[in-house]
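What follows is a short report on a single structure.
The values are calculated or read from the model by the stated rules, or taken from the named source; none is laboratory data. Here the structure is a predicted model, which means the values were calculated and not measured. Here Cβ is always computed from backbone atoms with ideal geometry, including for glycine, and neighbour counts include all displayed protein chains. When the accessible area is computed, the model is the full protein with side chains, heavy atoms only, and any ligands, DNA or RNA have been set aside. Shrake-Rupley method; radii C 1.70, N 1.55, O 1.52, S 1.80 Å.
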Amino acid sequence: MVLDVTDIAGGADGGYALTRAGRVYAWGGNLKGELGTGTAAAEVRPPAIVPGVSGLVSIATVNGAAVAVTRDGRLWSWGSNEQGGLGRGTQADVSEPGQPTPAPMAGITDAVEIKAGTFGRHFIVRRRNGTLIGWGNSDWGQLGAGVAGDFQLKPTPIKLADVDAYWLGGNFSFARSKDGAVWFWGEQTAARGLLDTRGNQRVPARVPPAKLLP
């Protein structure tokens, strides 16, 4: 039995439970090493602690990739890299094995929390200074760094300051800055009625306050 769970992250083939003690339990499919046990196998597994990672405060998963944030602001990733979800500058072919052992991601030491899009297959991290940084699939501009129709394989900053909350949808993202402003980027249909522009939004666009009121 998994006790003292503070957060849950799930996908099509399995899930993760973050505990108050900073450990993470994983269960489900392990074909690409999603369970972080150091091995990959087709068998479905019951909940077990992911070895080698501790002091965790946030976790997210999408398309078989898992990424966790530690209390000291570092990132660890494991699992499938078919959508560039491991954030290491590479993208794996569907026939290639995943990364079954959690490994630290270089270059980020001030992470606070991580979230993942669902169908959008992207990760975005909020940093201590209130900025965002993301990687993964950016077919619709959902990473907010000016890229659309391609993958963003390395964590790239989003030009938006003072973020205190953010949400990731299918192919789009929203954020709220400390001044109360709401920002949108990604697939245009998700912002229908909110923005006057057409086409996918590749960088954050402020939603007019009048659009947020009844």
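Here is how the numbers come out for the structure above:
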item: Subset of the range 53-63 that is assigned to a loop (DSSP other than H, G, I, E, B) and at pLDDT 95 or above - its residue that is surrounded by the most Cβ atoms within 10 Å (Cβ to Cβ); result: Val53
item: Matching option when the condition is surrounded by 19 or more Cβ atoms within 10 Å (Cβ to Cβ) and assigned to a strand (DSSP E or B), among Trp167, Trp185; result: Trp185
item: Yes/no for Ile108 being open to solvent by less than 50 Å² (accessible area, probe 1.4 Å), touching a Pro at 6+ places or on another chain (Cβ under 7 Å), touching a residue at least 40 places away in the same chain (Cβ under 8 Å) and β-branched (Val, Ile, Thr); result: yes
item: Filtered residues of the range 190-210 (kept if in contact with a strand residue (DSSP E or B) (Cβ under 9 Å, 6 or more places away or on another chain) and outside any loop (DSSP other than H, G, I, E, B)); result: Ala190, Ala191, Gln201, Arg202, Val203, Pro204, Ala205, Arg206, Pro209
item: Given (1) under 24 Å from Arg206 (Cα atoms); (2) open to solvent by less than 10 Å² (accessible area, probe 1.4 Å); (3) not small (Gly, Ala, Ser), index of the condition Thr70 fails; result: (1)
item: Filter pass, Gly146 being in a loop (DSSP other than H, G, I, E, B), touching a Lys or Arg at 6+ places or on another chain (Cβ under 7 Å), surrounded by fewer than 20 Cβ atoms within 10 Å (Cβ to Cβ) and on the phi > 0 side of the Ramachandran plot; result: yes
item: Enumeration of residues in the range 1-23 that are assigned to a loop (DSSP other than H, G, I, E, B) and among the hydrophobic types (A, V, I, L, M, F, W, C); result: Met1, Val2, Leu3, Ala12, Ala21
item: Restricting the range 100-120 to residues that are of a type outside the set (Gly, Ala, Ser) and either out of contact with any Phe, Trp or Tyr (no Cβ under 8 Å at 6 or more places or on another chain) or at pLDDT below 95 (or both), the residue that is farthest from Gly52 (Cα to Cα); result: Phe119
item: Selection from the range 76-103 of residues that are touching a residue at least 60 places away in the same chain (Cβ under 8 Å) and not in a loop (DSSP other than H, G, I, E, B); result: Gln99, Pro100, Thr101, Pro102
item: Some residue of the range 117-125 being surrounded by fewer than 19 Cβ atoms within 10 Å (Cβ to Cβ) and either within 18 Å of Ala65 (Cα to Cα) or touching a residue at least 24 places away in the same chain (Cβ under 8 Å) (or both); result: yes
